[in-house]
Amino acid sequence: MGKPPIALFGRKADPQIHAIRDAVAAMGGEPLVFQMQLDDRLAPAMSIGAGRMSWEGVDFAPVRALYIRGMAPNSLPALPPVLNAAMHAEWRARYVRDQLYQSASYSFFGALQAQGTLVVNPLETYAHHNSKAQFYERLRAEGFDVPFTLTTNDPAEARAFAETWGRVVVKPGIGVGSTRILREDQMRQLDEIAISPTTMQECVPGKTYRVHIVGDTVVLALKILNDEIDSRTETRGFEYAKLPDEEERKIVRANRSLGLHFAAWDVIVTEAGRISYLDCNPGPFLMWIGPENVRAVYGQLARYLIAYAETGSAADASKRVEPHRPA
């Protein structure tokens, strides 16, 4: 029996694609790296039809598992200020074309899923990272601990929220971006949110942990060493952490409830032991956690992908995943 082919989608020059490629090879799989982004200049050839799937000329019939590093539009969904009608028309055309690229990509991976291929992670799951308001409300409705959050373009609602919670943070409602404490002098500027919805959140005091999940296992949890509200600001490093078993089972349930096979979560752990969920990234950036930790996480993801390719079962693949325990 030959090596199971594992497809990896991302920018071919991305160091993370190189890292997962090497992990798949080390675990006994055959990594196949593909350019993810469909665009005008570098669009890879792709075809979907009558059950046959191909990307960059490769027939996907033998591929039973794949990993998507990330998915993002090529053009902004909002037009920038323009000086004339021609520029406006050009930007509008770029945006419309981008929707076609997105539709084709979504269709390609959706069709593979329909045929039983494991997609880590389906494109629709990226909505949880890119539309935070519904993410928090969904988790809250399912009984998971999230900070009290308000997303609004109503200045009166924003002021009432700030007055209720006292110390609040302001954060982007999509993707990545800085999280900052709302200062007293900024309260006078809240009228400006009428032109753009803003996400505000109670400030939960504690330390931020990055929790990496593969299948049904927390493979690595790290306490982020810094003193800022935004854990990515002036980070001094990471310290291995072990969440209580019940908390690990709980966050795995949250991960599965979002349809995810692999993700990195940011959580706040208070001195009293409360664990509150801040974010979930289905295509996380790993290179900042250090080479040993990157190998540990991607090694288990590679094991999961290969096990699924061999068994066709996510449950069986999950049984092969092991938590990382530093020496």
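Just the residues that are outside any loop (DSSP other than H, G, I, E, B), in contact (Cβ under 8 Å) with a residue 40 or more places away in the chain and not hydrophobic (A, V, I, L, M, F, W, C), please, taken from the stretch 171-184.
Going residue by residue through the stretch 171-184, those that are outside any loop (DSSP other than H, G, I, E, B) are 171, 180-181, 184.
Checking which are in contact (Cβ under 8 Å) with a residue 40 or more places away in the chain leaves us with 180-181.
Across the stretch 171-184, the qualifying residue is only Arg180.
In the stretch 287-315, how many are surrounded by 14 or more Cβ atoms within 10 Å (Cβ to Cβ) and over 24 Å from Ala13 (Cβ atoms)?
Residues that pass the stated criteria total 11.
Does Asp191 meet the test of being touching a helix residue (DSSP H, G or I) at 6+ places or on another chain (Cβ under 7 Å) and without any contact (Cβ under 8 Å) to a residue 60 or more places away in the chain? Break it down into steps so the answer makes sense when it comes.
On the way: touching a helix residue (DSSP H, G or I) at 6+ places or on another chain (Cβ under 7 Å): yes; without any contact (Cβ under 8 Å) to a residue 60 or more places away in the chain: yes.
Here the answer is yes, as Asp191 does meet what is asked.
For (1) buried (at least 16 other Cβ atoms within 10 Å of the Cβ); (2) out of contact with any Lys or Arg (no Cβ under 8 Å at 6 or more places or on another chain); (3) at pLDDT 85 or above, each residue gets a yes or a no:
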| residue | (1), (2), (3) |
| --- | --- |
| Asn84 | no, yes, no |
| Ala93 | no, yes, no |
| Leu118 | yes, no, yes |
| Val146 | yes, no, yes |
| Phe161 | yes, yes, yes |
| Gly173 | yes, no, no |
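For Pro80, indicate whether it is closer than 26 Å to Ile306 by Cα, exposed (fewer than 15 other Cβ atoms within 10 Å of the Cβ) and either modelled with pLDDT under 95 or outside the structural domain of Phe285 (by TED's automatic domain parsing) (or both). It would help to see each step written out before you state the result.
Values: closer than 26 Å to Ile306 by Cα: no; exposed (fewer than 15 other Cβ atoms within 10 Å of the Cβ): yes; either modelled with pLDDT under 95 or outside the structural domain of Phe285 (by TED's automatic domain parsing) (or both): yes.
It is false that Pro80 is closer than 26 Å to Ile306 by Cα, exposed (fewer than 15 other Cβ atoms within 10 Å of the Cβ) and either modelled with pLDDT under 95 or outside the structural domain of Phe285 (by TED's automatic domain parsing) (or both).
Right, Ser75: assigned by TED's automatic domain parsing to the domain that holds Ala114 and either β-branched (Val, Ile, Thr) or modelled with pLDDT of 85 or more (or both) or not?
In short, no.
When you scan the stretch 22-29, do you find a residue that is assigned to a loop (DSSP other than H, G, I, E, B), at pLDDT below 95 and not assigned by TED's automatic domain parsing to the domain that holds Leu305, even just one?
Within the stretch 22-29 (the criterion being assigned to a loop (DSSP other than H, G, I, E, B), at pLDDT below 95 and not assigned by TED's automatic domain parsing to the domain that holds Leu305), the answer is no, since none of the residues qualifies.
State the number of residues belonging to the stretch 250-302 that are closer than 20 Å to Pro122 by Cα and among the basic types (Lys, Arg).
Qualifying residue count, the stretch 250-302: 2.
For the stretch 30-47, enumerate the residues that are touching a Pro at 6+ places or on another chain (Cβ under 6 Å) and either at pLDDT 95 or above or assigned to a loop (DSSP other than H, G, I, E, B) (or both). Give the steps one after another, and end with the answer.
Of the residues in the stretch 30-47, the ones touching a Pro at 6+ places or on another chain (Cβ under 6 Å) are 30, 32, 35.
Passing the criteria: Glu30, Leu32.
Just to be sure I understand, how many residues within the stretch 129-161 are under 15 Å from Ile251 (Cα atoms) and in contact with a helix residue (DSSP H, G or I) (Cβ under 7 Å, 6 or more places away or on another chain)?
Going through the stretch 129-161 one residue at a time, the tally reaches 5.
If you take just the strands (runs of 3 or more DSSP E) that sit entirely in the stretch 222-327, which of them hold at least 2 residues that are outside the structural domain of His212 (by TED's automatic domain parsing)? Can you show your working first?
Numbers: elements: 237-241, 262-269, 275-281.
Output list is empty.
Determine, yes or no, whether Val252 is under 24 Å from Lys132 (Cα atoms), of a type in the set (Val, Ile, Thr) and crowded, with 16+ Cβ neighbours inside 10 Å. Spell out the reasoning first.
Numbers: under 24 Å from Lys132 (Cα atoms): yes; of a type in the set (Val, Ile, Thr): yes; crowded, with 16+ Cβ neighbours inside 10 Å: yes.
For Val252, the condition - under 24 Å from Lys132 (Cα atoms), of a type in the set (Val, Ile, Thr) and crowded, with 16+ Cβ neighbours inside 10 Å - is met.
Which of (1) under 15 Å from His128 (Cβ atoms); (2) among the polar types (S, T, N, Q); (3) at pLDDT 95 or above is the odd one out, the single condition Thr199 does not satisfy?
Every condition holds for Thr199 apart from (3).
The values are calculated or read from the model by the stated rules, or taken from the named source; none is laboratory data. Owing to the predicted nature of the structure, the values given are computational and were not obtained by experimental measurement. For neighbour counting, all protein chains shown are included, and Cβ atoms are generated from backbone atoms with ideal geometry for every residue, glycine included.
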